[in-house]
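We did not get these values from a lab; they are worked out from the coordinates using the rules stated. Only a predicted model underlies this, so the values are computations on that prediction, with no experimental measurement involved. A quick note on method: Cβ atoms are made from the backbone with ideal geometry, for glycine too, and the neighbour counts reach across all protein chains shown.
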Ligand code: GLU
């Protein structure tokens with residue numbers, strides 16, 4: 001279980017995302033995070049523990065962006081830590097996930113054997129890494145997303 005919020009529009013997305021996560025916080029207290037598109041780059045802010053901790057982090061850097069996603073986590077795979085907090089991201093994609101990827105451990109072993117690296121212990125990051133691999137191979141975002149959904153069993 002988790003809380004997921006996305007915003008795109010004329011306002012700074014940070015406030016509506018944080019407000020939405022506040023309403024959904026009962027769905028996951030383990031960590032909270034957001035990813036914002038700032039100057040054509042994905043910036044991730046995430047913190048172990050309650051939403052208040054993320055708010056503190058955001059106060060320090062006051063980011064501004066009109067596009068963003070947010071997540072409050074209820075850990076199922078991987079301990080409670082900032083590294084395991086969502087979103088999981090790289091220069092191409094950011095992923096927030098609700099639930100469990102049933103075949104994550106097999107997929108992760110396969111990806112690691114091919115040289116792909118992981119920053120967390122979550123099943124969710126497997127989706128990100130597989131998506132990135134598929135994107136490199138197919139050079140098409142929508143096809144890569146479709147293939148990744150077909151391969152990862154949720
Ligand atoms: N399985 C994912 C994790 O443990 C998502 C959990 C959730 O739904 O919050 O990170």
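Given R₀ = 30 Å, what would the calculated FRET efficiency be for residue 82 paired with residue 19, taking r from the Cβ atoms and rounding to 0.05? Show your work: numbers first, answer last.
Values: r = 22 Å, r/R0 = 0.73.
Working from the Cβ atoms, E equals 0.85.
Tilt of helix 14-23 relative to the longest C-alpha principal axis of the chain, in degrees (0 to 90, nearest 10)?
80
Helix-derived [θ] at 222 nm for the chain: sum -39500 (n - 2.57) over DSSP H runs of at least 4, divide by residue count, nearest 500?
Per the formula, -11500 deg cm²/dmol.
Which whole-number percent gives the relative contact order of the chain, counting Cα pairs below 8 Å spaced six or more residues apart?
Worked out over the chain, it gives 23 percent.
Would you mind getting me the FRET efficiency between residue 136 and residue 38? Use the beta-carbon distance for r and R0 = 22 Å, nearest 0.05.
0.40
For the chain, set up a Gaussian network in which alpha carbons nearer than 10 Å are linked by springs, and say which option among 11, 27, 73 fluctuates the most.
Highest fluctuation among the options: 11.
With an 8 Å Cα cut-off and a minimum separation of 6 or more residues, compute the relative contact order for segment 57-129 in percent.
Values: 67 pairs, mean separation 24.1, N = 73.
Worked out over segment 57-129, it gives 33 percent.
With Kirkwood's inverse mean 1/r over C-alpha pairs for Rh, give me the Rg to Rh ratio of the chain, two decimals please. Working shown, then result.
Values: Rg = 15.1 Å, Rh = 15.7 Å.
Dividing the radius of gyration by the Kirkwood radius yields 0.96.
In nm, to one decimal, how far is the modelled label at residue 26 from the one at residue 53, with both set 7 Å along Cα→Cβ?
So the label points at residue 26 and residue 53 sit 2.2 nm apart.
Among 70, 28, 115, which one moves the most in a GNM of the chain with springs linking Cα atoms closer than 10 Å?
Judging by the Gaussian network model, the answer is 115.
Run the simple label-point estimate for residue 1 and residue 145 please: 7 Å along Cα→C-beta, distance reported in nm.
For residue 1 paired with residue 145, the spin-label model returns 2.8 nm.
Give, in nm to one decimal, the length gained when the segment between residue 100 and residue 62 is fully stretched (0.36 nm per residue of separation minus the Cα-Cα distance). Please list the in-between numbers first.
Details: separation 38, 0.36 × 38 = 13.68 nm, distance 3.24 nm.
Full extension from residue 100 to residue 62 adds 10.4 nm.
In nm, to one decimal, how far is the modelled label at residue 92 from the one at residue 110, with both set 7 Å along Cα→Cβ?
Reported label-point gap for residue 92 and residue 110 is 1.6 nm.
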